Amino acid sequence: MVHLPCHQWLQKNNITGFSINLAVMNHKLVLKTIVFSLAISLAVAAIPGTAKAITLIPPMLEFGLTKGEPTKTTIKIFNETTSPVELYTEVKNFTASGDTGQPSFDFNETEQVGFSTWVTVQKGPITVNPGARFEVPVTINTPVNADPGGHYAAVFFTTSPPADGQVRIASKIGTLLLAQVSGDIKESGSIAEFNTISNKKGFTRLPVQYYTLFRNTGNIHLRPTGFITITNIFGKEQAKLAFNSANGATLPNSSRRYETTWDKQSVNESSGNFWSNFWNEYSNEKANFAIGRLTATLSVTAGTSNSVTDGASTTFWVFPWHILLVWLVVVILAVVLLIVGIKKYNQWIVKKSQGTK
């Protein structure tokens, strides 16, 4: 099993495009390097010896399936290189691995099962000339006995087919397929954890980062959305943050970690002696000011009709001690000057009154 390490896999379902370099030997694939592109709308893979890339449009397809009926779609290949390329295809199922939602592909499986066997696509070679586009038809033949709910696979395009007794380096790019078979769809999920990163309870300033562990107990992927509302000790709202603004999905029977940041302005890094660092941090606290005991309340909804709802909260403290120390010194100096001024004034009054006698 190959786990693909991308903490943002699905950016509209958190992968927006990816490329993989694999060594092919005796029909077994040995993972060498994995590079995920975070492009918003394109799947791109660089081809060795060229200045540009191969692009797949779209990087992700999402559709509904009906039992016993075929579903047809296309994947467009754009050759931005200066040379013709030959591509070969393969289809692999994927699942989520770990609480970051990493996709897991089994490139070493000897027998295809499940959703990948429903997908029919041209095996190759597919020749795409420089600067040309090529549309690859994809047909999904849904069995009459298919389980209702979510099914997940990827169509990969590789630059080299497997060959017995030879080692080849093959660049792979892929388009994700997220399908929903009609029937008894169960949308169910909840917030398993919600807290600040590392469960930290004390801060001197913003940013404050929160993590949410969302558990999907249904049979279809969910995209939880909502808000994190920050309130002070008096219940006054300090900020309202969009939760899962990237619309990332949690696959069925898995948990996914989402992170949200509350900030105001960029933070200047400290470098120098004690005093320069002190005043730099003073500026950071001033630009990212918050103070006191604060409560972050998360409210989420998910599902086609927002049928899944849940909430959670956590408390923390912000104590901007650089600002408080500076103002404490300012207040002390002001009080001292006031006392000295009053004494001087009283002495002047006394001397003036004595001079008039």
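Every number here is computed from the coordinates shown, using simple stated rules; none is lab data. Every value quoted in this text rests on a predicted model; they were computed, and no experiment measured them. With ideal geometry, Cβ positions are generated from the backbone for all residues, glycine too; neighbour counts draw on all protein chains shown.
Before moving on, here are some points about what is shown:
- Modelled label reach - Gln209, point 7 Å along Cα→Cβ, segment 243-281 residues with backbone N closer than 15 Å: 257-264, 267
- Loop-resident GluC sites (Glu not before Pro) (DSSP state other than H, G, I, E or B) in segment 201-271 with no more than 13 further Cβ atoms inside 10 Å of their Cβ: Glu269.
- Inter-site label distance for Glu62 and Phe319 at 7 Å from Cα along Cβ, in nm: 4.5
- Förster radius 22 Å - calculated FRET efficiency between Thr217 and Ser299, Cβ distance, rounded to 0.05: 0.70
- Spin-label model, Ser104 to Thr229: label points 7 Å out along the Cα-to-beta-carbon direction sit 3.8 nm apart.
- Of the residues Thr250, Val208, Ile291, the one whose Cα sits farthest towards the positive end of the charge dipole of segment 189-319 is Thr250 (charges of +1 on Lys and Arg Cβ, -1 on Asp and Glu Cβ, taken about the Cα centre).
- Ordering 273-279, 285-291 by mean Cβ neighbour count within 10 Å, with the highest value first, yields 285-291, 273-279.
- Annotation: for a label point projected 7 angstrom from Cα along Cα→Cβ of Leu333, residues of segment 251-282 with backbone N closer than 15 Å are 279.
- Dipole in debye (nearest 20) - segment 189-319, about Cα centre, beta carbon charges: Lys, Arg +1; Asp, Glu -1: 160
- Greater than 27 Å apart at Cα, pairs in Lys123/Lys186; Lys200/Lys264; Lys186/Lys236; Lys186/Lys240; Lys286/Lys344: Lys123/Lys186; Lys186/Lys236; Lys186/Lys240; Lys286/Lys344
- Sparsely packed GluC sites (Glu not before Pro) within segment 96-136, loop by DSSP, other Cβ within 10 Å at most 16: Glu109, Glu111
- Highest-first packing order for the peptide set 221-232, 314-325 is 221-232, 314-325, based on the mean count of other beta carbon atoms within 10 Å.
- In this simple spin-label model, placing a label point 7 Å from the Cα along the Cα-to-Cβ direction at both Ala242 and Asn306 gives a separation of 1.6 nm.
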